[in-house]
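Worksheet for the structure shown next.
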């Protein structure tokens, strides 16, 4: 079994060393390398940026920043709704017919632009109510600046999709480097100029500068965009695009709500400092968990194996993942105080308690990643979507119940309640995965 895997992986490695990217396999290898490097640059840059903000802003204002960002991302989700995936699918499918490809590009572009403008306008109109009546926190100007954040981020996502649809992952990789450098230069300069201003102005300035980073990234890619002539799409072709987008919309929205609902609900009940501790803990868990489910990275190769061999690989992947996750959890439990103090500073020491509780996610999320790749390799996307939607509703319910219950003790306990709700909802997903896999075995 593993002789087969070793041979395949070794063969891919030889092609990379020889820089042999010919054929479909070569294109896939090259794209995977650039995508991996893009993700790596993004994660490293994001971690550095998050640590910088956490240290310079201190818990109170960093918590407000995290709350404003989570709120903006909720609105930003409505600008995609599967349009980027549709762009990649229909442009790739019609690449040989330039006029037809152009027709799909302009139809999807106009659809995405309408969604983007609508989302930005709704955020502008509701930002005062959200900041002053729902959260009762000084993030009004940040949410207003968030409308530009949504606009430029959405356009940038569309432009990146144009490159990916043509199997060109090189320029999105260069864009990611440019964006991370721009963000690490422009945001600190902005903070330096407005640090002595009010919290409202400071946060508004940060999100305005982040918006400009997206704007500059668009113009970084613009000269390399391929121009297409265009026909008009038939009503049938337009319906085909919409039909493709609708199922993806539900998955995209529930996935985002699943990742941000805890901050959104906590924001109403606790002081912003506790949001900072919570966000800081999650950032550390996320940076560590990326290193664990490495077995999942080989599933594009595994998907070419027979079903029985694939199941054996799943079993061994879970075993290896468990070992790495176990040691990561032990490391987190015993060294969380030292890690938090070294990375964020003494002001964030309460983060270590939340970090210990969330450490179980190093195992749960790693198992979920392996299972997800396993089910995707078997084309069970609908099952994954239904599971995620169900878990999202459970997460909302558990957050409301546990935050309200623990709030009677203290705001910090309420933050712990949100952490427990997140853990339970993700364990719920893992339980469904195990049940599904068990039933598949018995068939």
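FYI, it's all coordinate maths here, none of it is from the lab. Everything numeric here is computed off the predicted structure, so don't read it as measured data. For neighbour counting, all protein chains shown are included, and Cβ atoms are generated from backbone atoms with ideal geometry for every residue, glycine included.
Figures for the structure shown
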item	result
Distance in nm between pseudo-label sites at residue 99 and residue 113 (7 Å out along the Cβ direction from Cα)	2.2
Label-point separation in nm, residue 222 to residue 397, each point 7 Å along Cα→Cβ	5.0
Scaled radius of gyration (Cα, divided by 2.2 N^0.38 Å) that segment 34-233 gives	1.10
Projected-area average for segment 120-226 over all orientations - Cα convex hull basis, square nanometres	7.4
Full-extension gain in nm, residue 174 to residue 386, via 0.36 nm per residue minus C-alpha separation	72.8 nm
Contour minus Cα-Cα distance for residue 189 and residue 238 (0.36 nm per residue)	13.1 nm
Chain lengthening between residue 133 and residue 106 when straightened (0.36 nm per residue, less Cα-Cα)	5.7 nm
Ranked by how many other beta carbons lie within 10 Å on average, peptides 193-202, 47-56 from highest	47-56, 193-202
